[in-house]
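First comes the structure, then the notes that go with it.
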Amino acid sequence: MIAVLALLVGVVLGVVLEPTVPVGLQPYLPIAVVAALDAVFGGIRAKLDGIFDDKQFVVSFVSNVLVAGLIVYLGDQLGVGGQLSTGVVVVLGVRIFGNVAAIRRHLFRA
Amino acid sequence: MTMAGTDDERPGQDKGTAGETAAEGMAAEGEAASDQAAADRTIEISVAQVSAAGDRTVPIRVPVDDRTVELRAAAVGAERERADAYDEEPGGEYEPDTATRPAGKAPRLSAAAAMIGLLLGLLGFALVVQLRSNATDPELATARPEDLVRILSDLDGRQDRLRQEIASLEASQRKLASGVQGQAAALEEARRRADELGILAGTLPAQGSGLQVKFVAGSEAIAASTVLDAVEELRGAGAEAMQIAGEGGSPVRIVASTYFADSKGGLVVDGVRLTGPYTLSVIGDPQTMHTALNIPGGVVDMVHQRGGNVIVQESDTVGVTALHEVVAPKFARPVS
């Protein structure tokens, strides 16, 4: 409940404040968002499995975001930033699909 | 489970850790689990459950017993999740937790919830910001530097082309503007010339300084040749426009083609019959024309000899208002 409210508050803040993304953060923000989404779906799945743990969720959330950003940064330094961020997005997308599939099985038993 | 199966290396290795953790908590059951076959994994997991989140032991253990097969699927995922958390942490950390749980449970939960709320708020914020920044500039924001360089050079080339186009258009604009000016000047010139020629050809009324010359017949009528002499004399003296008026007809403009003929008791000028006295209105330099008319043996002299009289009157505003009908030339064509 708190999580959903916080998400809504964040969205409203983003809409109201209309900040611009700093240039240095521009390549990383989308990747970070996808990584965070992955963590959130993993959390939802764990919740449905009944094994949700606050600490683990926080740690996985932060580490997901940091690792994703690090990979893209590394890719940019190596000159393969575009390809590597695509790779990260693909991997995270696969994981999100897997988590969503598990959630779906939980909710619809199908 | 097929999708989740892509990560299967990790769970495989993690199972061991989970098992160890479980062993720390409840050694007896853990050993029992390791003795048993794969089907007993369910039990092993339930052990992990117990040690990790002691407060959930009862709600979880019951379904495990009831539906072993179903839970096994969930348990693999659960095991993995568990193992993630335990990777870096020693299992012993949970012992003080368990000890303080009855008292410290509420504050710890709210702190974690606050952290989760903060993270999710951040996620929502970042999500919206990213969506907005993408919506404002969908192409350039995500483009790589090399693409941006290419786009920039494209734009530079286009800018050059547009600059050239501007330059050429400005040049043609200048040309056209000067053409318009020249046209206006030419039009003005042509209009002025048309006025001059209109006065000369008798198609425009004119006025200016000049003379009024009145021929009054004496014993003899005024002959056409006398009037023609006067007209020639005046032309020689620089007359610019002339008309002749008399009784019995409207005034007649005198132009190059005007003829004078004698008629009974009068003159025929350009087909119009006039009788005396005749008044010649002339625009030109008054002094010169006056002198020209008065030279000895000239027009005035001749008329006096025949008993007539010529009254010459200088005026600043002589009106030559009669117009000559222009007949388009039948044969003559301009050479150009």
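The values are calculated or read from the model by the stated rules, or taken from the named source; none is laboratory data. All values reported here derive from a predicted model rather than from experimental measurement. All Cβ positions, glycine included, derive from the backbone under ideal geometry; neighbour counts span all protein chains shown. Calculation scope for accessible area: heavy atoms of the full protein, side chains included, ligands and nucleic acids excluded. Shrake-Rupley method; radii C 1.70, N 1.55, O 1.52, S 1.80 Å.
So if I check each of A:GLY42, A:GLY14, A:GLY50, which one is under 30 Å from B:ASP147 (Cα atoms) and either open to solvent by less than 50 Å² (accessible area, probe 1.4 Å) or out of contact with any helix residue (DSSP H, G or I) (no Cβ under 8 Å at 6 or more places or on another chain) (or both)? Before the answer, list the steps.
Details: A:GLY42 fails: under 30 Å from B:ASP147 (Cα atoms); A:GLY50 fails: under 30 Å from B:ASP147 (Cα atoms).
None of the other options fit; the residue is A:GLY14.
Would you mind stating whether A:PHE61 is assigned to a helix (DSSP H, G or I), within 7 Å of another protein chain (Cβ to nearest Cβ), within 20 Å of B:GLN130 (Cβ to Cβ) and of a type outside the set (Gly, Ala, Ser)?
On the way: assigned to a helix (DSSP H, G or I): yes; within 7 Å of another protein chain (Cβ to nearest Cβ): yes; within 20 Å of B:GLN130 (Cβ to Cβ): yes; of a type outside the set (Gly, Ala, Ser): yes.
Criteria met by A:PHE61.
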Worksheet item: Looking at this structure, is B:GLY276 at pLDDT 85 or above and either open to solvent by less than 60 Å² (accessible area, probe 1.4 Å) or not in a helix (DSSP H, G or I) (or both)?
Response: no
Discussion item. Return the residues of segment A:22-52 that are within 18 Å of A:VAL88 (Cβ to Cβ) and facing chain B (nearest Cβ under 7 Å); say none if nothing qualifies.
Written reply: A:GLN26, A:LEU29, A:PRO30, A:ALA32, A:VAL33, A:ALA36, A:VAL40
Practice prompt. Would you check which residues across segment A:90-110 are more than 8 Å from chain B (Cβ to nearest Cβ), open to solvent by 80 Å² or more (accessible area, probe 1.4 Å) and free of Cβ contacts under 8 Å to residues at least 12 places away in the same chain and list them?
Written response: A:VAL90, A:VAL91, A:ARG104, A:ARG105, A:PHE108, A:ARG109
Item to complete: Kindly check whether there is at least one residue in segment A:69-77 that is more than 8 Å from chain B (Cβ to nearest Cβ), crowded, with 18+ Cβ neighbours inside 10 Å and closer than 20 Å to B:LEU118 by Cβ.
Response: yes
Worksheet item: Quick one: which of B:ALA256, B:ALA328, B:ALA322 is open to solvent by 30 Å² or more (accessible area, probe 1.4 Å), out of contact with any helix residue (DSSP H, G or I) (no Cβ under 9 Å at 6 or more places or on another chain) and of a type in the set (A, V, I, L, M)?
Response: B:ALA328
Worksheet entry | Selection within segment B:215-228 - within 13 Å of B:LEU293 (Cβ to Cβ) and surrounded by fewer than 16 Cβ atoms within 10 Å (Cβ to Cβ) | none
Practice prompt. Output the residues belonging to segment B:285-325 that are under 15 Å from B:LYS214 (Cβ atoms) and part of a loop (DSSP other than H, G, I, E, B).
Written response: B:GLY308
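Could you grab me the full set of residues in segment B:228-259 that are part of a strand (DSSP E or B) and under 23 Å from B:THR288 (Cβ atoms)?
Within segment B:228-259, the subset part of a strand (DSSP E or B) is B:241-247, B:249-254.
Result: B:ALA241, B:MET242, B:GLN243, B:ILE244, B:ALA245, B:ARG253, B:ILE254.
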Item to complete: Give me a count of the residues in segment B:194-238 that are under 21 Å from B:GLN313 (Cα atoms) and of a type in the set (Asp, Glu).
Response: 3
Worksheet item: B:ILE222 passes all but one of (1) in contact with a Ser or Thr (Cβ under 7 Å, 6 or more places away or on another chain); (2) more than 30 Å from A:VAL16 (Cα to Cα); which number fails?
Response: (1)
